[in-house]
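Novice: Below is a structure I'd like to ask you about.
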Amino acid sequence: MKFLRNFIDKIKPGFQEGGKLYMFHSFFDAIETFLYVPDTVTGPRGAHIRDAMDMKRTMMMVIIALVPSLLFGMWNVGHWHFLAFGEDADFWQTFWFGFLKVLPIIVVSYVVGLGIEIIFAQSRKHEVNEGYFVTGFLIPLIVPVDTPLWMLAIAIAFAVVLGKEVFGGTGMNILNPALTVRAFLFFAYPGWMSGDSVWIEGMTKNAGMLVDGFSGATPLAEAAAGNVANLPSIMDMLIGIVPGSIGETSVIAIFAGAIILLWTGVGSWKIMLSMFAGGLLMGLTLNLFAVNPYMELPAWEHLLLGGFAFGAVFMATDPVTATQTEKGKWIYGFLTGLLAILIRVLNPAYPEGVMLAILFMNVFAPLIDHYVVEANIKKRLKRAQTKG
Amino acid sequence: MSSDPLFSSKNLKVLTSPLNEDNPITVQVLGICSALAITAKLEPAIVMTFSVLAVLSVSNVVISLLRSYIPPRIRIIVQLTVIAAMVILVDQVLKAFAYEVSKQLSVYVGLIITNCIIMGRLEAFAMTNKPWPAFLDGVGNAAGYGIILVIVAFFRELLGAGTLFGYPVIEKIGLYNIGYENNGLMILPPMALMLVGIIIWIQRKRKPELIED
C-alpha cells in the first residue's frame with residue numbers, strides 16, 4: 001500500500017492553500033483521512049487521551065455493523081420480487097437482482113448527501129465530516145425498495161440542509177439525519193412510504209402481472225389491520241423473510257450488527273436495552289386494556305415487527321442525537337420504546353411509530369440531559385451541606 | 001412645525017425599510033402565526049395581504065391623529081378598538097364581495113385583530129408620528145408582510161398542490177407524465193415555518209448586519 005501513500009503525498013501540494021486544485025481541498029482531505037489516520041496530533045502539553053479510534057474509525061464500525069442487514073436486505077428484495085411475479089430463481093440470481101435494485105439507492109444517497117456536505121464544507125472552510133458516511137449507508141436501509149430515486153434525492157437534500165447543516169453540520173444536529181429523510185418522504189409522499197405494494201420491487205408498476213392472491217403487505221400493516229392471523233411465522237420474522245424497508249426486516253442480521261457495535265463500544269447497550277424494555281412494557285400495558293386484535297398481540301412480538309429492532313440498534317443509539325449522560329440514556333431509550341409501540345398501535349395514521357418516536361425523543365434528549373445533570377448537582381450539593 | 005415634502009428621503013425610508021432590512025416577519029419576527037395559517041395557496045395569501053394593508057394603514061392614521069388625546073394608561077384599549085372596528089369592516093367587505101376566499105380564510109380575518117404586526121406598529125410608530133408617515137409605515141409594513149406571505153404561498157402552492165392561483169401549472173407542463181408527484185409536506189403548516197426560516201437564512205446571508213450576536 002506504499003504506492004498509495006506516495007501518490008497522495010505527491011498530489012497533496014496541489015490541494016493546499018495556493019495550489020491549483022485548492023477548490024477541491026475539502027474533498028481531498030476527506031479521502032486522505034478516510035484512507036489514513038490524520039497526521040495532525042495533539043500537542044505534547046495537556047492531558048489528552050490519544051486513540052487511533054477517531055471519528056472516522058468509529059463511523060466505519062457502524063458501517064461494518066450495517067453490512068449484514070444490507071446483504072440480507074438485498075437478498076430479500078430479490079426473493080420477494082420473484083415470489084410476487086411467480087418466477088424461479090436460485091440464491092445468486094435472487095441476490096444479484098436485489099443488489100442491482102439497491103445499488104442505485106446507495107449511489108443516490110451518497111452522491112446527493114456527500115455533494116451537499118462538500119459544498120457546505122468548502123464554503124465554511126472546514127473539512128468534510130465523516131458523519132455522512134453512516135447516514136448515507138443508513139438511508140437505503142430504511143426506505144422501501146420502490147421509492148423513486150428523485151424523491152429520495154429531494155428528501156436527502158432536505159434532511160442534510162435543513163436537518164443538519166443549518167445547525168452547524170455533523171455533531172450539531174438535533175435530529176437523526178437518516179430518519180429525517182424517512183420522515184420527509186413519509187409526510188411528503190405518503191403513497192410511497194406505506195401501503196401494500198411499495199415494499200416489493202416492481203409491484204407498483206406492474207400490478208397486473210402478479211401471482212394471484214399475492215399481497216405485499218408488511219407484517220406491521222397486517223397487524224394494524226387486525227389480521228393477526230395473517231402474520232408470518234416467528235421464524236420468518238426473525239430471519240427477516242417478510243416485506244418491509246430494505247434493511248429493517250431481519251432481526252438476526254440486526255442482532256449481528258448490534259454485537260459488533262457493542263463489542264467495539266460504539267453503540268450504547270443502555271439505550272438498546274432500555275428501548276426494548278420500554279417497548280415490551282408498553283406492549284404488556286396494551287395487552288391489559290386490549291379492545292382489538294392488534295392490542296392483544298403478544299408484547300414480545302411487537303419487538304420483531306417493523307423497524308423496532310433496527311431503530312433500537314442503529315437509530316436511537318446515534319451518539320449525536322441521543323442523550324449523553326448515562327442515566328439519561330436509560331430514560332431516553334425507555335421512553336423511545338414506550339412511544340414507538342404507543343404510536344404504532346393507537347394511531348392508525350402512523351403505522352410505524354418507531355421513526356416518529358425516535359425523532360420525538362431526539363428533540364427531548366438535550367432536556368433529559370439537562371435535568372440529569374441538574375439532579376446530580378442538587379444531590380451533591382445536598383450531600384456537601386449535610387456533611388458541613 | 002417643519003413640513004417635509006411628501007416623499008422625503010425620511011418618509012421613503014419609512015415606506016421601504018419594512019420590505020427588507022426591517023421586515024415585519026423575517027426581522028421583527030411578528031405575524032408568524034398567520035403566515036403559517038393562510039399560505040397554503042396564493043389567493044388567500046394575497047387577500048390576507050390586502051386585508052392587513054387596509055387595517056394597518058387606516059388604524060395607523062387614526063391612532064396617529066388621536067395620539068395626543070389618548071391617555072397613556074388606556075392606549076392599548078383604544079388601539080384595539082380602532083383595529084377591531086377596521087377588521088370588522090374588512091371582514092364584512094370580504095363576505096360581501098369575495099365570499100369564497102372569505103370562507104377559506106375563515107377565522108383568520110377576525111384574527112387580524114391579534115396580528116402582532118398591527119399592534120406593534122401602532123405602539124411603536126403611530127403613537128409618536130404624524131399621520132402621513134404613519135400611513136406610509138402602515139403600507140410599508142403590510143407590504144413587507146405581504147411579500148413574505150406571497151413568496152411562501154408561491155412555493156407551497158406550486159410544490160404542494162401543483163397549481164398557481166388554482167391554475168394547474170405542473171399538469172400543463174406535463175411533469176406528472178414523467179413521474180413527478182406533489183409534495184404533501186408543503187401543504188402541512190410546518191413547511192411554512194421552514195420556508196420562512198430559509199428566507200431568513202438567505203436574507204441574513206446577504207445582510208450580515210442583521211445577524212444578532
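Novice: Using per-residue counts of other Cβ atoms within 10 Å, averaged over each peptide, order A:209-217, A:3-11, A:56-64 from highest down.
Specialist: A:56-64, A:209-217, A:3-11
Novice: Taking a ≥ b ≥ c as the square roots of the Cα gyration tensor eigenvalues, with a/c under 1.5 meaning rounded and otherwise prolate when a/b beats b/c, else oblate, which class fits the stretch A:243-332? Before the final figure, lay out each step's value.
Specialist: Working: a/c = 2.59, a/b = 1.44, b/c = 1.80.
It comes out oblate by the Cα gyration axes.
Novice: Could you pull out every residue, at least 5 positions away or on a different chain, whose amide H is within less than 5 Å of the one on B:LEU164? Hs are placed 1.01 Å off N in the peptide plane, and Pro or chain starts have none.
Specialist: Sorted by chain and number, the residues that satisfy this are B:VAL169.
Novice: Still on this structure: Cα to Cα, under 25 Å, and not fewer than 8 places away if on the same chain: which lysines meet these conditions relative to B:LYS13?
Specialist: B:LYS130, B:LYS205, B:LYS207
Novice: Might you tell me the accessible area per residue for chain A, computed with a 1.4 Å probe and given in Å²? Write down the numbers at each step before the final one.
Specialist: On the way: 18730 Å² over 388 residues.
On a per-residue basis, 48 Å².
Novice: Between A:ALA349 and A:TRP300, what length comes free when the chain is fully extended (0.36 nm per residue of separation minus the Cα-Cα distance, one decimal in nm)?
Specialist: Result for the pair: 15.4 nm of gain on full extension.
Novice: Additional query: Threshold 50 Å², probe 1.4 Å: give the residues of the stretch B:184-213, in number order, that are less accessible with all protein chains present than with their chain alone.
Specialist: Buried by the other chains: B:LEU185, B:TRP201.
Novice: Kindly report the accessible area of the stretch B:110-213 per residue (heavy atoms of protein chains, probe 1.4 Å, no ligands, DNA or RNA), in Å².
Specialist: Roughly 49 Å² per residue, with all protein chains present.
Novice: Carbon and sulfur together cover what percent of the accessible area of chain A at a 1.4 Å probe radius?
Specialist: Roughly 69 percent of what the probe reaches on chain A is carbon or sulfur.
Novice: Another one. How would A:HIS79, A:HIS370, A:HIS302 line up by accessible area, probe 1.4 Å, largest first? Before the final figure, lay out each step's value.
Specialist: Details: A:HIS79 50, A:HIS370 95, A:HIS302 0 Å².
So the residues, ranked largest to smallest area, are A:HIS370, A:HIS79, A:HIS302.
Novice: Explain nothing, just the number: dipole magnitude of the stretch B:110-213 about its Cα centre with +1 on each Lys and Arg Cβ and -1 on each Asp and Glu Cβ, in debye rounded to the nearest 20. Write out the running numbers ahead of the final one.
Specialist: Numbers: 8 positive and 8 negative charges, 42 e Å.
The dipole of the stretch B:110-213 has a size of about 200 debye.
Novice: Something else about it: Just subtract the alpha-carbon distance of B:PHE97 and B:ALA84 from 0.36 nm times their residue separation and send over the number in nm, one decimal. If you can, show how the numbers build up before the last one.
Specialist: Working: separation 13, 0.36 × 13 = 4.68 nm, distance 1.99 nm.
Full extension from B:PHE97 to B:ALA84 adds 2.7 nm.
Novice: Would you mind telling me the share, in percent, of accessible area of the stretch B:94-184 contributed by carbon and sulfur at probe 1.4 angstrom?
Specialist: Carbon and sulfur together cover 68 percent of it.
Novice: Turning to a different aspect of this structure: Can you return the aspartates and glutamates within cross-link range of B:LYS41? Criterion is Cα-Cα under 12 Å, with same-chain partners fewer than 8 residues away left out.
Specialist: Reachable aspartates and glutamates: B:GLU157.
Novice: With +1 assigned to the C-beta of every Lys and Arg and -1 to the C-beta of every Asp and Glu, and no other charges, what is the dipole magnitude of the protein assembly as shown about the Cα centre in debye, to the nearest 20? Could you put the intermediate results ahead of the total?
Specialist: Numbers: 41 positive and 42 negative charges, 498 e Å.
So the dipole magnitude of the protein assembly as shown works out to roughly 2400 debye.
Novice: Using only the heavy atoms of the protein chains and a 1.4 Å probe, how would B:THR81, A:THR218 rank by accessible area, largest first?
Specialist: Details: B:THR81 85, A:THR218 15 Å².
Result, largest first: B:THR81, A:THR218.
Novice: Roughly how many nanometres apart are two label points built 7 Å out from the Cα toward the Cβ at A:ILE63 and A:ASN230?
Specialist: According to this spin-label approximation, the distance is 4.0 nm.
Novice: Between A:LEU288 and A:LYS327, how many nm apart are label points set 7 Å from Cα along the C-beta direction?
Specialist: Roughly 2.6 nm, to one decimal.
Novice: Under the Kirkwood approximation for Rh and a Cα-based Rg, what ratio Rg/Rh is obtained for the stretch B:24-206?
Specialist: Numbers: Rg = 18.1 Å, Rh = 17.3 Å.
The Rg/Rh ratio comes out at 1.05.
Novice: Continuing with the same structure: Run the numbers on the stretch A:185-231: which residues show a drop of 20 Å² or more in accessible area, chain on its own versus all protein chains together, using a 1.4 Å probe over heavy atoms?
Specialist: Residues of the stretch A:185-231 that lose at least 20 Å² of accessible area once the other chains are added: A:PHE187, A:ALA188, A:TYR189, A:TRP192.
Novice: For chain B, what is the mean residue ellipticity at 222 nm derived from helices alone (per DSSP H run of n ≥ 4: -39500 (n - 2.57); sum divided by total residues; nearest 500 deg cm²/dmol)? Kindly include the intermediate steps, with their values, before the conclusion.
Specialist: Working: 11 runs with 135 residues, N = 213.
Rounded to the nearest 500, it is -20000 deg cm²/dmol.
Novice: Moving on to the next point. Between B and A, buried accessible area summed over both sides at probe 1.4 Å, in Å² to the nearest 100?
Specialist: Values: alone 11470 and 19190 Å², together 29710 Å².
For chain B against chain A, roughly 900 Å² becomes buried.
Novice: Could I have the simple spin-label model distance between A:SER215 and B:ILE202, label points 7 Å from Cα toward Cβ, reported in nm to one decimal?
Specialist: Taking the two extended label points, one gets 4.7 nm.
Novice: How long are the three semi-axes of the equivalent ellipsoid of the stretch B:1-121, in whole Å, if each is the root of 5 times an eigenvalue of the C-alpha gyration tensor, listed from largest down?
Specialist: On the way: eigenvalues 135, 71, 39 Å².
Three semi-axes, in Å: 26, 19, 14.
Novice: Sorting check: for A:88-95, B:27-34, which peptide has the highest mean count of neighbouring beta carbons within 10 Å, and how do the rest follow?
Specialist: Answer by packing, highest mean first, reads B:27-34, A:88-95.
Novice: Please list, in order along the stretch A:64-71, the HN-Hα scalar couplings obtained from phi with the Karplus expression 6.51 cos²θ - 1.76 cosθ + 1.60 (θ = phi - 60°), rounded to whole Hz, x for Gly and Pro.
Specialist: With the stated coefficients, the stretch A:64-71 comes to 4, 5, 7, 4, x, 5, 5, 4 Hz.
Novice: Another question, then. Under 1.5 on a/c is rounded, so check that first for chain A, then, if it is not, pick prolate when a/b is larger than b/c and oblate when it is not; a ≥ b ≥ c are the square roots of the alpha carbon gyration tensor eigenvalues.
Specialist: Judged from the Cα gyration tensor, chain A comes out oblate (a/c at least 1.5, b/c at or above a/b).
Novice: Still on this structure, please answer the following. For chain A, what does -39500 (n - 2.57) per DSSP helix run (n ≥ 4), summed and divided by total residues, give at 222 nm, in deg cm²/dmol to the nearest 500?
Specialist: Taken over chain A, the calculation gives -20000 deg cm²/dmol.
The values are calculated or read from the model by the stated rules, or taken from the named source; none is laboratory data. A quick note: this is a predicted structure, and the numbers were derived from the prediction, not measured. As a convention, Cβ positions derive from the backbone with ideal geometry for all residues, glycine included, and neighbour counts pool all protein chains shown. Calculation scope for accessible area: heavy atoms of the full protein, side chains included, ligands and nucleic acids excluded. Shrake-Rupley method; radii C 1.70, N 1.55, O 1.52, S 1.80 Å.
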